[in-house]
């Protein structure tokens, strides 16, 4: 695949954009991938002005593409806005609308949801925003179907992440959607970041700081990942960690923001995806090796998580079978 045929991701940077989300986009979509033997995206930055002052004057960005770069983008990542009450410039909003109208995928990280809503492309659509700004968002954009308790929302051609760190979750979700679970896992490994946190997980809202930090769940998680084909239960995991089931639930909520059962299901689906991508394992065997049980269970879970059946997922992400020359 040549550079010109890669999916084009363009990050639109505007006045007072937050450097962290810009860094997240660059890390996920912009780096070369020698460990994969190929690049995943054609990545670039663009701005409405030749020089753009970043948040709080941390630095000034220059030398990036002009706003017209959006005209050829397949995916547009819109600028976030730490000052959610400051309006975006009309020509920035117009460029976002034009990209959406011609079919580009739009992504908003954190307060980027405000930019998308101000551009008018979220009316009647699902989206999320940081829990701190949920009430303000609802007041300003009542026509948007806000889901304030989740990490990110995938509404097809428009995706939004709730907070700064959730930008990485959403970015990896997009890589998984575009290139499959094996590639997304490789990208997350390079980031030293969790390969998969489901978008439906609750955001981490304020909670009292515990007096003493529990030991990490990492050893238990590593053991469970090596035994996904076994009929693991929450009680067995708790016994393995030498704690009660109730304590295990609290630990999972505190460290991972999810439940043990939800984590196990997500890990099993991710393993099933990796097996499907190899292309040489029968679907019922994939279900057994991933601890999902039956092909029917696998079909139900995979469709819920990816929108694809196992056969469709394999057709999309498994390497093509080389043809035999007679």
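Observations
- With Cα atoms, 0 to 90° folded angle of helix 260-278 axis to the chain main axis: 90 degrees
- Calculated FRET value between residue 249 and residue 62, using beta carbons and R₀ = 56 Å, to 0.05: 0.65
- Fewest-first sequence of 263, 131, 223 by Cβ atoms within 10 Å of each Cβ: 223, 131, 263
- Helical content alone sets the calculated 222 nm signal of the chain at -12000 deg cm²/dmol, taking -39,500 (n - 2.57) per DSSP H segment of four or more residues and averaging over every residue.
- Counting only DSSP beta bridges with both residues in the chain, the antiparallel share comes to about 25 percent.
- Fluctuation leader among 147, 255, 182 - the chain, Gaussian network, Cα springs under 10 angstrom: 255
- Neighbour-count order for 136, 5, fewest beta carbons within 10 angstrom listed first: 5, 136
- Using a Gaussian network model of the chain in which every pair of alpha carbons under 10 angstrom is joined by a spring, one finds that among 274, 176, 51 the greatest mean-square fluctuation is at 51.
- GNM result for the chain, Cα springs below 10 Å: residue of 119, 129, 162 fluctuating most strongly: 119
- With the convex hull of the Cα atoms taken as the outline of the stretch 3-191, the averaged projected area works out to 10.1 nm².
- On Cα atoms only, tilt of 245-256 relative to the major axis of the chain in degrees: 30 degrees
- Taking the centroid of alpha carbons for each part, the stretch 57-125 and the stretch 243-273 are 35 Å apart.
- Counting beta carbons within 10 Å around each of 278, 126 and listing the fewest first gives the order 278, 126.
- Angle between the chain longest axis and helix 295-306 axis [Cα atoms, degrees, rounded to 10]: 20 degrees
- The chain: mean projected area of Cα convex hull, nm²: 19.7 nm²
- A compact globular protein would have a Cα radius of gyration near 2.2 N^0.38 Å; the ratio found for the stretch 214-321 is 1.16.
- Length gained when the stretch residue 227-residue 239 is fully extended (0.36 nm per residue, less Cα-Cα span): 2.8 nm
We did not get these values from a lab; they are worked out from the coordinates using the rules stated. Predicted model, so just to flag it, every value in this text is computed and none were measured. Quick reminder, even Gly has a Cβ in these numbers, built from the backbone with ideal geometry, and neighbours come from all protein chains shown.
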